[in-house]
Amino acid sequence: MNFSNFINAPIDLNTTATSRVFTDGLNSGDHYYSFTKQQSSSFDPYLDNGNTYAEIDSIQDTNGNSIFAPGEVTAYSQFEGDLNQSINTILPPGTNNVPVYPISNGETEDKLTGWITPYDNAGNTSDTLSNTSVLNTRNFSSWVDGSANVQLQHTTCDRNTTNKSPDTDENLSSSGELGTGSVISPIPTDVSTQPTTTISKSTSSPTAITVQSAGNVHIENGTLRADTFTYQSGYSLSLYSGNGNVDFGSGARDELDLPQISSTTVSINYANTTTGGVIYNSGNGNRVYDAITFKDGSQILLTGIETLKFADTTINLSVVPNDPLFSQQWDLGITGVPDAWRFTTGSSKVLIGIEDTGLGTDSSGKINPDLRSSIFAGNNYLDESSSFSHGTEVNGVIAAASNNGIGISGINWNSDVFNIDVVGGDAGDYDLAGATQLLINQANSKGQRLVVNLSLAGGDTSAFDQLVANNQDKALFVFASGNADTSSLASPANLASTYSNVIAVGAVWGTKDYYGNAQTPGTRITYSGWWGSEYGTGLTLVAPSEFVTTTATHTAASTPYNFGYGGNASNIFNGTSASVPIVTGIASLIWSIEPNLTAGQVKAVLSETAYDLGTPGYDTTYGFGIVNADTAVRRAIALSRGAA
């Protein structure tokens, strides 16, 4: 097939125009389309064939010779013959040529409807673009602004080929309409649509304490639940690791029980003092442990233990803020954040950059009162969404005002936060490259390390990639793996395979799923017919999703936001969007402890100290495991003291 007759001005949906109409005369019975995208795009055309035999393909002319080659077909229709044809796929960046051609002669009236959107499998895209038979135009509505419609329509036309050769002349009239606010590349990676089907369960994570004893060393590792360890005497060295506690908010603790021992008969060396604790390498890097030493010299080393229960007293080691909704924040307990707060709640040495939507504002122009003061670029912080503020939810996870007696607790209580709106295509919005450069400039001006949170998919450009590559020492990027439930990562999370300063984050359940069904904590989230955490090569870590955060909601873009707590779906913040700020917040705590680490070293610390899930060691389903703030911060302290 020769492509020399393709339309002269291909539809380019990267344009800022709200619509384009073209008319082209074709000198054959085939229909040809062409569109160019600078990034991967979801592609879902539907051809209502009538009675003729026809096919629809997508082809990238990679060598530019205008001649069809079998290896250049990127997608093709699912059926042969006179059945309605459709494609549901993801196309790579570049110019995509779409021929629609009859297989047999005949008279028919056909209609082609297509949807082409920036690659946003981490939002609600392909889950709404099912291959159902529809006879009129379907609109694709993305999350952004609740009305980000992208539509490519070939109008109904009559074709009579009964007595004509394949070079019959026809007129083609089509329109490509881009809804308000849809000319944005990045798409938030939450899932605001409601599920329609039951879940599909995945492999469970460990459920019991593991015990290892070799010679005079005894080691016990806990689960992601509240575990009670009972001290076993007779060893010169005993190690107890709590490893996160999803039950922390309900009052349950990772506890070491020493029923026969009085606290007055031992010495306790707390790790959260300036030179306190004992540095030890249990196999995955040196870290600082709390230490209990007996008179005979035998020793207990502790990490992630929240309560010491002696015969005469109980000692609480974790931090419990007075925020009333903290008890519901199981996402912090399972990742060991209350334990890490013993060592740091953030510092001025770090800048947290949030590239997302803006923040919702009320009738007085104020943001959610439970958010700390943020740095803004003019009025760029305003969220123009017509439903809820995704940026408000992300910001709250990382940096809600904490221990202030209201709402929830953020992970980082002190570090600067810079919120930049990159979603919506509104006046004053930045693209990812522009926003990132602004963050880098701000961090450099203050001598700060930079952690960039992108709970988004799409928007990747060569300029953005170059900024990532050029700042591998001082800037760490944390990206959402995506929500398409496939074994490949969304863009730009796939950069984690290339750059040492990029972390790709997947999502795991706590004790229950969206429906309230019991789940083993730490299990990869996957729903049949809704969403699932993307996995595959390059996945670095996993973190919780489906939990409470700060919210801002309204019913129309022109009305003020109302503030509260919960999330976008049934009062929870979901999708891999929710998982990313957990890792971002914890990464900022590591740099608060030791700002001399490079971004690559911070990534390594998080990876080394994660709680292993799935196949032992690294695997592409869970990466290095679920992030753990306590063990990561302890590792950073050891490094700050000169340990290897």
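Assuming R0 = 30 Å, what is the FRET efficiency of Arg641 and Leu237, from their Cβ-Cβ distance, to the nearest 0.05?
Numbers: r = 20 Å, r/R0 = 0.67.
Plugging the Cβ-Cβ distance into 1/(1 + (r/R0)^6) gives 0.90.
Accessible surface calculations at 1.4 Å, restricted to protein heavy atoms, place region 562-617 at 26 Å² per residue.
Measuring between alpha carbons in the structure, the pairs from Lys446/Lys603; Lys446/Lys474; Lys366/Lys446; Lys349/Lys446 lying more than 18 angstrom apart are Lys446/Lys603; Lys366/Lys446.
The residues of region 254-322 present an accessible area of 44 Å² per residue when probed at 1.4 Å with all protein chains retained. The modelled label-to-label distance for the pair Asn517/Asn562, using points 7 Å beyond Cα in the direction of Cβ, is 3.2 nm. Taking only protein heavy atoms and a 1.4 Å probe, the accessible area of region 487-628 is 47% carbon and sulfur.
Relative contact order for region 414-573: 16 percent, from Cα pairs under 8 Å spaced at least 6 residues apart, divided by residue count. Highest-first packing order for the peptide set 352-358, 590-596, 536-542, 283-289 is 352-358, 536-542, 590-596, 283-289, based on the mean count of other beta carbon atoms within 10 Å.
Once the chain from Lys295 to Ala463 is taken as fully extended at 0.36 nm per residue, the excess over their C-alpha distance is 54.3 nm.
For the peptides 209-215, 608-614, residues were scored by their other Cβ atoms within 10 Å and the scores averaged per peptide; the highest-first order is 608-614, 209-215. Between rounded, prolate and oblate, where does region 339-487 land on the alpha carbon gyration tensor, with a ≥ b ≥ c its root eigenvalues, rounded for a/c under 1.5, else prolate if a/b exceeds b/c? Note, shape of region 339-487 comes out rounded. Counting only protein heavy atoms and a 1.4 Å probe, region 365-427 has 28 square angstrom of accessible area per residue.
Extending 7 Å from the Cα toward the beta-carbon at both Ser387 and Thr598 defines two label points whose distance is 4.3 nm. Label zone (Asp312, point 7 Å along Cα-to-C-beta; backbone nitrogen cut-off 11 Å) within region 237-270: 261-266.
Which of the peptides 481-489, 526-534, 255-263 is most tightly packed, and how do the rest follow, judged by the mean count of other Cβ atoms within 10 Å per residue?
The peptides rank, most packed first, as 481-489, 526-534, 255-263.
The values are calculated or read from the model by the stated rules, or taken from the named source; none is laboratory data. Computed from a prediction, not measured in an experiment: that's the story for all the values here. As a convention, Cβ positions derive from the backbone with ideal geometry for all residues, glycine included, and neighbour counts pool all protein chains shown. Accessible surface is based on the protein model in full, side chains and every heavy atom, while ligands, DNA and RNA are left aside. Shrake-Rupley method; radii C 1.70, N 1.55, O 1.52, S 1.80 Å.
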